[in-house]
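Nothing in this text is a laboratory measurement; each read-out follows from the coordinates by a stated rule. What you see is a predicted model, and the numbers here were worked out from it, not measured in a lab. Positions of Cβ are generated from backbone atoms using ideal geometry, with glycine treated the same way; all protein chains shown enter the neighbour counts.
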Amino acid sequence: MDGDLLGSLNAAQQQAVQTLDGPVLVLAGPGSGKTRVLTHRIAFLIGPAGIDPYNILAVTFTNKAAREMQARLDNLLGAGKAAALTVGTFHSICARFLRRDIVHLGRERDFAIYDADDQQRLMKRVLKDENLDEKKHPPRAIHAAISRAKNEFVDPEEYGRLGRTYYDEVVTRCYKRYQQLLRESNALDFDDLLVETVRLFEQHPQVLEKYQDRYLYMLADEYQDTNRVQYLLLKLLARKRRNLFVVGDEDQSVYAFRGADIRNIRYFEDDYPDARVVLLEQNYRSTQSILDVAQAVIQGGEKRKHAKRIWTENERGTLVQIQEGYDQEDEAQQVAAEIARLIASSEYRPGEIAIMYRTNAQSRSIEEALMARSLPYQLVGGTRFYERKEIKDALAYLRLAYNPNDTISFSRVLNWPGRGIGDRSEDELNRWAASLSVPNYVALQLLADEPNTQTPFTARMRKALLDFLTLIDELIAQRHQGDLGELMDFLFGRVGFQEALLREYGEEEGGERWANIEELRNASVSYVNLPRENQLPIFLEEVALVSDIDQMKENRDTITCITLHQAKGLEYPVVFLVGLEEGLLPHSRSLDEKDALEEERRLFYVGATRAKQRLYLFYAFRRATFGRTNLAQPSRFLADIPKAMVKPPARRATAPSQQTSMFGGRSSFGSSGVGGRVGSLPGRNGPTRPGASTFGASRSSTPAPATPRAAVFFAGQKVSHATFGDGVVVSSKLVENDEEVTVAFAGKGVKRLLASFANLQKVE
DNA sequence: GTACGTTCATTTTTT
DNA sequence: ATGAACGTAC
């Protein structure tokens, strides 16, 4: 890390870092070192300015970014110097505030945090309670409306006042019931974490003042992605001292769907007319070629208020490459082939390469292609660890041990593993508890304490329910008696977790799921040093608030497969953007809204500017969605890239009689037909000769009909040689009944060998 | 109350 | 294509 604090910064960065008091708005382009500016500013405050880190609050976009910032500060200042700094996402910071002060709102500290899945379940319960048809009122849609309202800081009453239509009325009713159930369960959903914090500050000025007096300096990253509630939070906290330092980039705003509002940048300038505005326009990350392409795409859109002039002193570098695949498998295949080539030539390591896509569903074909070549990769996103059913079930028990009134967790494990409590019993319990207006757990306690009360349960139902109550109470007792790990051991043994999984899923899958549970058990060891009472709550909170990107393993040397959204803030020497087609990027759901379309464009921009040295843009000629294949049109954003900015297309080894060149027959992207190229179907035109050209390595399983023999080796294949040892095939071509293989040997350099002669052994 | 079969929706993007 | 959700049969 940098030796001195300021020497390594340019003039604009220094200006931002050294501003001591007052509001600062930093408008920073991609790769302009804004993370460094934030970190160095904190270091500047703690060091030269002599501010106690206890008095600084930094909001990052992900928990991963928070951890990295702490690590950098340790490097700059010395380990532990910045330990008292408050740094994290809005959500984790608010959760912390609320644990401390939610009692001012007349609520309990031990609240549960509901994630997307919990929210969904709760929503279904609401629709049931309100006698609404799920078909007619999709829980997702209603919940989305509620979430939007919360992000705008609109409560159910106001929502009702604003509403005009029947649908508004339905949402209002659901919103009210939803909040009521949350309250009964002593739970907050993600949005509530922020909303309730603002409410706390507004209703209890003395609490707000406590925080205002503590946080003398505040910093926020990715400011363009803040929503109204987050904006209010910053505004309230900064009102007294006005030392608010925000960093953002309008061109990278890609979270409007969850309420992010670019206008917050303008509001900042309105709220603080004296704000110092710093522009960071120099890019240190990408080559000129990559920046040219990114700029061409972003400038093809609407006019922006703070149009920055991004520039770089970096070299021109390799030209950006646009490439068509026949379908998603071929696209993935070509990507994998090119990656294999880059790795084989020792130019790049797997960890320096990323593949980015619009939707998680696209990862599948990519994964398969990488797997087929034994290329190491990691998938960010998809089904997350903490969203697996068995994990959620285990967590539900743990949550009940902390907060037995948590309705969603309660109903989740009430009859898992099966203990004779069916839908009938559950419905009766729900209704009975509702009639007493108490949570289910409390209702069960009443049932146990007063055996003579009139209840709707048969003797058998009663026994099953009371057994469940005993189980919960044992868990609660155990939580006070031992460490988190011991609680888990007790839980798994008591409910027969492993047996239940094996019974339900069989030997193989059940075994895998149990292995996941063991992994969860392992995670508990990192909490053993905390005071016993804090282990469970802190564990549950972290589990609820970690994101996928936080889980990313940085030290592993693997190719990263990631959505464009999650890729924000990251950088890689080599980036592949795949699926650049109409309907995918821009996504079909954003086609009829101008703002949404512009957001898609920015997403493209974000993806392209992740690349440091090499950028590949891929699209497919046809693509399967929902099991149906359709012809695809190249993304309209590709049409904004002048031809001179991209590398002339690589000629495929399987060149059909007609052209395969992607520009052929078309004046530009986006328009004109795609006809005449069905002939480029790989595998139909004879054998593929792996490695014969950059993108020719499409290995088709279709047998080669008319060639003497097929190639045995392909780019990326690991081989071993008697003299040279282990190596990786760079390329291979067929020469007069033999195969000429170019191999990169570890430590021995690149050799050209004849397969018949060299006795190369395939490894794996 | 489970076990199997059929249907249906699912794909934006996430703290 | 795949999995969740619902239905009918034991």
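Evaluated with a Cβ-only charge set (Lys, Arg +1; Asp, Glu -1), the range A:234-332 carries a dipole of roughly 1160 debye about its Cα centre, given to the nearest 20.
Given the options A:Ala396, A:Val574, A:Trp514, identify the residue whose Cα lies farthest towards the positive end of the charge dipole of chain A (+1 on Cβ of Lys, Arg; -1 on Cβ of Asp, Glu). Working it through, the farthest residue towards the positive pole turns out to be A:Val574. Can you tell which of A:Tyr255, A:Leu200, A:Ala644 lies farthest toward the positive end of the dipole of chain A, using +1 and -1 charges on the Cβ of basic and acidic side chains (Lys, Arg; Asp, Glu)? The residue sitting most towards the positive pole is A:Ala644.
Here the dipole of the range A:407-520 is about 640 debye; that uses its Cα centre as origin and unit charges on the Cβ of Lys and Arg (positive) and Asp and Glu (negative).
Scalar couplings 3J(HN,Hα) for the range A:461-476, obtained by applying the Karplus form with A = 6.51, B = -1.76, C = 1.60 to θ = phi - 60°, are 4, 4, 5, 4, 5, 5, 4, 5, 4, 4, 4, 4, 5, 5, 5, 4 Hz; x denotes Gly and Pro. For the range A:201-340, the residue among A:Leu219, A:Gln328, A:Trp311 whose Cα projects farthest onto the positive side of the dipole built from Cβ charges is A:Leu219.
In sequence order, the range A:56-61 has phi-based couplings of 10, 10, 10, 9, 10, 7 Hz under the Karplus curve 6.51 cos²θ - 1.76 cosθ + 1.60, θ = phi - 60°, and Gly or Pro positions carry x. Specify whether the C-alpha gyration tensor of the range A:318-439 places it in the rounded, prolate or oblate class, a ≥ b ≥ c being the square roots of the eigenvalues: rounded for a/c under 1.5, otherwise prolate if a/b is larger than b/c and oblate if not. Note, shape of the range A:318-439 comes out prolate. Between A:Lys718 and A:Asp557, the contour length at 0.36 nm per residue exceeds the Cα-Cα span by 56.3 nm.
Beta-bridge orientation, chain A: approximately 35 percent antiparallel, per DSSP, counting only bridges with both partners inside.
Under a 5 Å amide H cut-off, with hydrogens placed 1.01 Å from N, A:Ile322 pairs with A:Leu617, A:Lys647 among residues at least 5 apart or on other chains.
In this structure, A:Lys136 and A:Ser588 have a Cβ-Cβ separation that, at R0 = 25 Å, corresponds to a calculated FRET efficiency of about 0.60.
Under the convention that each Lys and Arg Cβ holds +1 and each Asp and Glu Cβ holds -1, the size of the dipole of chain A around its Cα centre is about 1800 debye.
The alpha carbon radius of gyration of chain A, expressed as a multiple of 2.2 N^0.38 Å, is 1.06. What do you get for the angle between helix A:328-344 and the principal long axis of chain A? Use alpha-carbon atoms, 0 to 90 degrees, nearest ten. Approximately 70 degrees, to the nearest 10.
With a/c under 1.5 counting as rounded, go ahead and sort the range A:402-534 into rounded, prolate or oblate using the C-alpha gyration tensor (a ≥ b ≥ c being the square roots of the eigenvalues; past the cut-off, prolate if a/b is larger than b/c, else oblate).
Since a/c reaches 1.5 but b/c is at least a/b, the shape of the range A:402-534 is classed as oblate.
One Cα centroid belongs to the range A:350-368, the other to the range A:118-178; the line between them spans 35 Å.
In plain terms, the residue of A:Tyr616, A:Tyr348 with the fewest other Cβ atoms within 10 Å comes first and the most crowded comes last, giving A:Tyr348, A:Tyr616. Is the C-alpha gyration tensor of the range A:65-171 telling us rounded, prolate or oblate? Criteria: a/c under 1.5 is rounded; beyond that, a/b larger than b/c is prolate, otherwise oblate. Prolate. Once the C-beta distance of A:Arg460 and A:Asp155 is scaled by a Förster radius of 35 Å, the resulting FRET efficiency is 0.20 to the nearest 0.05. Remark: the range A:612-625, residue by residue, has Karplus-estimated 3J(HN,Hα) of 9, 10, 10, 10, 10, 10, 10, 9, 10, 6, 9, 9, 8, 10 Hz, where x stands for each Gly or Pro and the curve is 6.51 cos²θ - 1.76 cosθ + 1.60 at θ = phi - 60°. Rounded to the nearest 500, the 222 nm mean residue ellipticity of chain A from helices alone is -13500 deg cm²/dmol, with -39,500 (n - 2.57) taken per DSSP H run of at least 4 residues.
Put simply, the amide H of A:Leu753, placed in the peptide plane, has neighbours under 5 Å in A:Val741, A:Thr742, A:Val743, leaving out anything fewer than 5 places away on its chain. Taking other C-beta atoms within 10 Å as the exposure proxy, A:Leu232, A:Leu122 rank A:Leu232, A:Leu122 from fewest upward. In terms of surrounding Cβ atoms within a 10 Å radius of their Cβ, A:Phe637, A:Phe44 rank from fewest to most as A:Phe44, A:Phe637. Seen against the Cα atoms of chain A and their longest principal axis, helix A:34-46 is set at about 50 degrees.
Using only Cα atoms, find the angle between the long axis of helix A:389-402 and the longest principal axis of chain A, and express it within 0 to 90 degrees, rounded to the nearest 10. Here the helix axis deviates by roughly 30 degrees.
In this structure, A:Glu571 and A:Arg431 have a Cβ-Cβ separation that, at R0 = 60 Å, corresponds to a calculated FRET efficiency of about 0.60.
Checking the cross-link pairs A:Lys643/A:Lys718; A:Lys392/A:Lys568; A:Lys64/A:Lys643; A:Lys240/A:Lys594 against a 32 Å limit on the alpha carbon distance flags A:Lys643/A:Lys718; A:Lys64/A:Lys643; A:Lys240/A:Lys594 as lying beyond it.
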